[in-house]
């Protein structure tokens, strides 16, 4: 099993294995019983009655199932993905620029970059969306993009900094020795290597960005959650369970796929790239890996 | 531009800050308790509990916090559970959401302890309880504290989502004050930002410091 098990316990013998099996079955039954009681209670309230879920295949009020799914997937999810598709590249670009500025020899620039990073990392995304909305008078879409961009830019700058710091010192020394300028060293030697080791953290941050785009619901941007609410209001509150299930399912599918991708990338970097950090050494996870939620 | 707008509305700011702090502390404690339980299940030898804890983690971690609030406010009533809108709903949602990140931090802290440590402890004849309390946990706790502080920082910022669901905390206060003082919106919201930063920046520095200390201790 997992490494956690082997740290805490000795390899089990036959007796312990039998006990574990019994405990596992008892624990499993307990969990199932709890879920069962919940489901039984929900069924008593009519949550599972077909007409409440019919909105997904045969909706009332002369709407076709296609209309409902289009409003959820094309309009709702489309708006969510559009916000992410605009904000993510912007955040990546600005994050890279900030991280590089943070390594320059000009102290004022370095300090300014650090201040910007610390500032935006320490503020709620929602507050920054309200700032764009109320102080700049921007549209809800622009406000969402602004909030997502400035926050993730700061986090990505931190991820890049950690990635650069994890490279062996010999890399920049060797680059200097063959006469590369600081800019060339970064562009040709350090960043290509660092970006590779950072790829998993960056993809994980994309999940955070995608999740945060749902804050648009609060500032008035019509994304996936809003589409669910609109449908629930139109078809009546009884349909909200079915619509919510679809919405939650969409988030789970998209985000779990991205997380899997991050894990795959992590496996790949470990195999191919020269290990910049000894990943087998015990110690806290690299910074940036746990920054987002 | 009138700096007095912040001073004049200080009571409102402080009330908002108190609500944000209260949400952070109460939900943080709740998340700590549930998160520890989930982490214990996750590393337990009982397969079914491991699967349950993993499912719980995977589900909540991949859903936006807004979606969880949405569930509590608009979906749960269909199940016959009508929560009082406002404070307690926010506490519940923030607790559930944060518990997952607490669990993950604790689990990776336990994983960070080298297997050799436990093997050595067993080799010198320590019992399971002894090796847990005097070898594994002291090391695990040290590497868990910095990520745990980061989880709490994220929680402090996440309390702002409650502003969208009828809780008047800092962000909601800022929105209201901004609408009341349209000439000083930038200043009003900068005041709100300041209240967040006095908590998040020092806490972040503390986490960094501790992290460096742990790294050197190894």
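Where a number appears in this text, it was derived from the coordinates with a stated rule and is not lab data. All values derive from a computational prediction rather than experimental measurement. Using ideal geometry, Cβ is built from the backbone for each residue, glycine included, and neighbour counts are taken over all protein chains shown.
Some points to look at:
- For region A:51-272, relative contact order (Cα pairs under 8 Å, six or more residues apart, normalised by length) works out to 28 percent.
- Along principal axes, Cα extents of region A:106-224, largest first, whole Å: 55, 32, 19
- Axis of helix A:78-101 versus longest Cα principal axis of chain A: the two differ by about 20°, to the nearest ten degrees.
- For region A:3-107: rounded, prolate or oblate by the Cα gyration tensor [a/c cutoff 1.5]: oblate
- Relative contact order computed over chain B (Cα-Cα under 8 Å; 6+ residues apart), in percent: 30
- Fewest-first sequence of B:149, A:145, A:250 by Cβ atoms within 10 Å of each Cβ: A:250, B:149, A:145
- Viscosity 1.306 mPa s, temperature 10 °C, Stokes-Einstein D of the protein assembly as shown from Kirkwood C-alpha radius, µm²/s: 64
- Residue exposure proxy: A:58, A:212, ordered by other Cβ atoms within 10 angstrom of their Cβ from fewest to most, comes out as A:58, A:212.
- Taking every Cα-Cα distance in region A:3-48 and sorting them into 10 Å bins starting at zero, the pair-distance distribution P(r) comes out as 24, 29, 22, 16, 9 percent.
- Cα gyration tensor shape of region A:14-170, rounded if a/c is under 1.5, else prolate or oblate by comparing a/b with b/c: oblate
- 222 nm mean residue ellipticity, helices alone, for chain B (DSSP H n ≥ 4; -39,500 (n - 2.57); rounded to 500): -25000 deg cm²/dmol
- Whole-Å distance, taken between Cα centres, linking region B:184-218 and region B:84-98: 24
- Cα shape, region A:166-233, gyration tensor, a/c 1.5 rule: prolate
- Alpha-carbon Rg with Dmax, taken over region A:120-190, Å: 18.3, 52
- Put simply, region A:151-204 fits an ellipsoid with semi-axes of 23, 10, 8 Å; these come from the alpha carbon gyration tensor as the roots of five times its eigenvalues, largest first.
- Alpha-carbon Debye profile of region B:20-138, log10 I(q)/I(0) at 0.21 Å⁻¹: -1.16
- Taken as Cα centroids, region B:37-60 and region B:110-146 sit 21 Å apart, rounded to the nearest whole angstrom.
- Value of Rg to Rh for region A:51-272 (Rh from inverse mean 1/r over Cα pairs, i.e. Kirkwood): 1.10
- Helix A:107-121 and the longest principal axis of the C-alpha atoms of chain A enclose an angle of approximately 10°.
- Shape analysis of region A:55-94 yields a ratio of the Cα radius of gyration to the Kirkwood radius, Rg/Rh, of 1.30.
- In plain terms, the C-alpha convex hull of region A:49-135 casts an average shadow of 9.3 nm² when viewed from every direction.
- Whole-angstrom gap from region A:78-151 to region B:1-33, using each part's C-alpha centre: 24
- Residue order, fewest to most beta carbons within 10 Å, for A:139, A:71: A:139, A:71
- Angle in degrees between helix A:224-235 and the longest Cα principal axis of chain A, rounded to the nearest 10: 10
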